[in-house]
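Undergrad: There's a structure below that I have some questions on.
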Amino acid sequence: MKVLIAIDSFKGSLSSLDCSKAITEGIKDVYDNAEIITFPLADGGEGTVEALVQATKGTFVEKEVIGPLGTLVPAVYGILGNNHTAVIEVAAACGLPLVPENKRNPYFTTTYGVGQLICDAIEKGCKEFVIGLGGSATNDAGVGMLQALGFSFLDENNKEVSYGGYELQKIRAMDSSHVHHSIKNCTFKVACDVTNPLHGKNGAAYIFGHQKGATTEMVKELDAGLEHFAHVAFRELNKDVQNIAGAGAAGGLGAAFAGFLDAQLLSGVELVLETIGLEEKISDVDIMITGEGKLDGQTSMGKAPLGVAQVAAKHDIPVIALAGGVTKQAFTLNEMGITSFFSITNEPMSLEKAMDSTTTFDNLRMTTKQLFRFLAAVKKC
C-alpha cells in the first residue's frame, strides 16, 4: 500500500509536520510495510514557510529586520531545496502578533522588513519568490517594502517620506533609479486569497483597518492615503493598481507586489501545491490523506484540503480528510473530491483538552489506525 499524506496544521495544536507523524504511526500500526510519502501543507498563510521548506528539503534563514514598529525584530524565511527560490511570509516581518495590542496603529506601522528579507534572499542567490500575504499589522500599501528595495517616495520638499499609512498622502514623486539591481531578474508569485481592491469601501483600510488598531476616523484617512498612492502609481508606472484583484491584501502589499514587482497574485493552496509538485508524485498512490483543524464551509472555499482533493480527483485517488471538528457544511466536500471525512474527537471534552498537542497527536494516530484496520478487513473479504 502506498499512502500520501498532505495535511495542514491543526492551528493552535499541532504543526503540519507533527500531524503527518501521527498519521504515519497510525498507518504503520496496521500496515508495517506501507510506503508513506508526507508533504507538510499550508494554504499560503501561517505555516507556509515551514511546509515548503520541509517538503523540498530546503533551509530556514534567520534575519534581523526592521519590524512593523520601526524597531529591530528577528524574522525567519525559507530557501527551498532548489537553492534559488525563497519563500517569505510577510507576517514574519510586519505581522500583527509583533505589535502589542496597545501599540497597534496603522498610521505608523511599516512593511520595510519584508523588503529587507527579499534583499537578503537575493544576496543569497534567490531569483524566484513565493510570498504568503496575510496577518499584517500595516496599511502602507507596501511602500515600506518598496523603500527597502530601493524605491524612493518623495514629499513636496523632495525628502523621503517616513514609515506608515499616514505618510501616503505626502507622496508627490517617485524615484526608482536606486532600486536593487537584481530585482528586474526576479519573479514573484504571491499567495493571495482575497480579492479586495486597494481603496474604497471594500478596500484595505475599510475592511481590515479596524483589526489593526485603526479608529473609524483613521480608516478614512488611511483610505485617502491609499487612493492617493493609487494615483501616484498610475502617473509614474501607468498601472491601475486600484483594480487588481487582491490589491488590498495585507494593507495594500498586494498592490505593491503586482504593480511594482510584476507579481502574480494566485490562490494560496494552488501556489503551495504547485511549488511542492504534488501532482507529479501521486501517479501510483493508493490513498491520500488530508485535513485541518476544522472542516467547515470555509474549507470548500479553497483551503488546503480541498486543493489536495481536487488534485487527487484528476487521478481517481480516494481521499480521506481528518479534522478536530467537522460541521454540517463540510458535507459539500464529498461533492468536491473528498471521499470521506472524519472527526478525530473520540469523547466529550473541553476545547482546551481537545486542542492539547498530546491529545491531538494521540487522537490522530488512533483514528488513522482504526480506519486502516477497517481497510485491511475489507481487503480480506
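The values are calculated or read from the model by the stated rules, or taken from the named source; none is laboratory data. Keep in mind that what you see is a predicted model, and the values were worked out from it rather than measured. Cβ placement follows ideal geometry from the backbone for every residue including glycine, while neighbour counts extend to all protein chains displayed. SASA here: full protein model, heavy atoms, side chains in, ligands and nucleic acids out. Shrake-Rupley method; radii C 1.70, N 1.55, O 1.52, S 1.80 Å.
Undergrad: How far is it, in nm, from the label point at Asp362 to the one at Tyr31 when both lie 7 Å from their Cα along the line to the Cβ?
TA: About 2.7 nm separates the two model spin labels.
Undergrad: Relative to the present Cα-Cα distance, how much length would full extension add between Lys281 and Thr327 at 0.36 nm per residue of separation?
TA: 13.5 nm
Undergrad: Using all alpha carbons of the stretch 139-240, what is the percent of pairwise distances in each 10 Å bin, ordered from the shortest bin to the longest?
TA: Taking all Cα pairs of the stretch 139-240, the binned fractions are 15, 43, 34, 7, 0 percent.
Undergrad: Suppose R0 equals 56 Å. What FRET efficiency, 1/(1 + (r/R0)^6) with r the Cβ-Cβ distance, do Lys57 and Lys170 give to the nearest 0.05?
TA: 0.75
Undergrad: Charges at C-beta only: +1 for Lys and Arg, -1 for Asp and Glu. How large is the resulting dipole of the chain about its Cα centre, in Debye rounded to 20?
TA: Here the size comes out at about 380 debye.
Undergrad: Using a 1.4 angstrom probe, figure out how much accessible area the stretch 270-381 has per residue, in square angstrom, rounded to the nearest whole.
TA: On a per-residue basis, the stretch 270-381 sits at 53 Å².
Undergrad: Let me ask something additional. Check which residues have an amide H placed less than 5 Å from Ala173's amide H, if you skip close sequence neighbours.
TA: Leu154
Undergrad: Moving on to the next point. Evaluate Rg over Rh across the chain, taking Cα atoms for both radii and Kirkwood's formula for Rh.
TA: Rounded to two decimals, Rg over Rh is 1.02.
Undergrad: Rounded if a/c is under 1.5, else prolate if a/b is larger than b/c, else oblate: which is the stretch 247-381, with a ≥ b ≥ c the root eigenvalues of its Cα gyration tensor?
TA: Here the stretch 247-381 falls in the oblate category.
Undergrad: Do you know the Lys pair count in the stretch 100-251 for C-alpha distances under 15 Å, with sequence separation 8 or more or different chains?
TA: So the count works out to 6.
Undergrad: Rank Tyr166, Gly142, Ser9 by how far each Cα sits towards the positive end of the charge dipole of the chain (+1 on Lys, Arg Cβ; -1 on Asp, Glu Cβ) and give me just the farthest.
TA: Of the listed residues, the answer is Ser9.
Undergrad: Could I ask something else about it? What percent does the relative contact order of the chain come to when contacts are Cα pairs within less than 8 Å and at least six residues apart?
TA: It comes to 18 percent, rounded to a whole number.
Undergrad: Also, quick follow-up: Calculate, in nm to one decimal, what Lys380 and His210 gain on full extension: separation in residues at 0.36 nm each, minus their alpha carbon distance.
TA: 55.3 nm
Undergrad: With a 1.4 Å probe and all protein chains kept in place, how do Tyr163, Tyr77 rank by accessible area, largest first?
TA: Tyr163, Tyr77
Undergrad: Given the pairs Lys303/Lys353; Lys21/Lys353; Lys2/Lys379; Lys28/Lys303; Lys21/Lys303, which span a C-alpha to C-alpha distance of over 23 angstrom in this model?
TA: Lys303/Lys353; Lys28/Lys303
Undergrad: OK, next. Could you tally the net charge around Glu62, taking each other residue with its Cβ under 15 Å from the Cβ of Glu62, Lys/Arg +1 and Asp/Glu -1?
TA: -3
Undergrad: Then there's this: Could you pull out the GluC sites (Glu not before Pro) across the stretch 123-207 that fall in loop regions by DSSP (anything but H, G, I, E, B) with no more than 16 other Cβ atoms inside 10 Å?
TA: Counting only loop positions with at most 16 other Cβ atoms within 10 Å, the GluC sites (Glu not before Pro) in the stretch 123-207 are Glu156.
Undergrad: Could you pull out every residue, at least 5 positions away or on a different chain, whose amide H is within less than 5 Å of the one on Ala75? Hs are placed 1.01 Å off N in the peptide plane, and Pro or chain starts have none.
TA: For Ala75, the qualifying residues are Lys63, Glu64, Val65.
Undergrad: In whole Hz, what ³J(HN,Hα) sequence does the stretch 59-66 give by Karplus (6.51, -1.76, 1.60; θ = phi - 60°), x for Gly and Pro?
TA: With coefficients 6.51, -1.76 and 1.60, one gets 9, 9, 10, 9, 8, 7, 9, 6 Hz.
Undergrad: Further, regarding this structure: Per DSSP helix of 4 or more residues, -39500 (n - 2.57); summed, then divided by the residues of the chain. What does that give at 222 nm, rounded to the nearest 500?
TA: Value at 222 nm, helices only, nearest 500: -10000 deg cm²/dmol.
Undergrad: Moving on. From the residues Ser176, Ala312, Tyr107, which one has its Cα farthest along the dipole of the chain in the positive direction, the dipole being from +1 and -1 charges on Cβ of Lys/Arg and Asp/Glu about the Cα centre?
TA: Ala312
Undergrad: Restricting to Cα pairs below 8 Å that are 6+ residues apart, what does the relative contact order work out to for the stretch 35-172? Please round to a whole percent.
TA: 22 percent
Undergrad: Would you compute the Debye intensity of the stretch 11-159 from its alpha-carbon atoms alone, equal scatterers and no solvent, and pass along log10 I(q)/I(0) at q = 0.11, 0.18, 0.21 Å⁻¹ to two decimals?
TA: Relative scattering, expressed as log10 I(q)/I(0), comes to -0.50, -1.04, -1.26.
Undergrad: Mind listing the long-range amide H neighbours of Ile37? Cut-off is under 5 Å, sequence gap 5 or more, other chains count too, H placed in the peptide plane at 1.01 Å from N.
TA: Long-range HN contacts for Ile37: Val3, Leu4, Ile5.
Undergrad: Using only protein heavy atoms and a 1.4 Å probe, report how much of Asp286 is accessible, in Å² to the nearest 10.
TA: Looks like 80 Å² after rounding.
Undergrad: A follow-up question, please. Using only Cα atoms, locate the centre of the stretch 83-115 and the centre of the stretch 23-78, then give the distance between them in Å, rounded to an integer.
TA: Using only Cα atoms to place each centre, the spacing works out to 19 Å.
Undergrad: Using DSSP, restrict attention to beta bridges with both residues in the chain and report what percent are antiparallel, rounded to the nearest 5.
TA: For the chain, the DSSP antiparallel bridge percentage is about 35.
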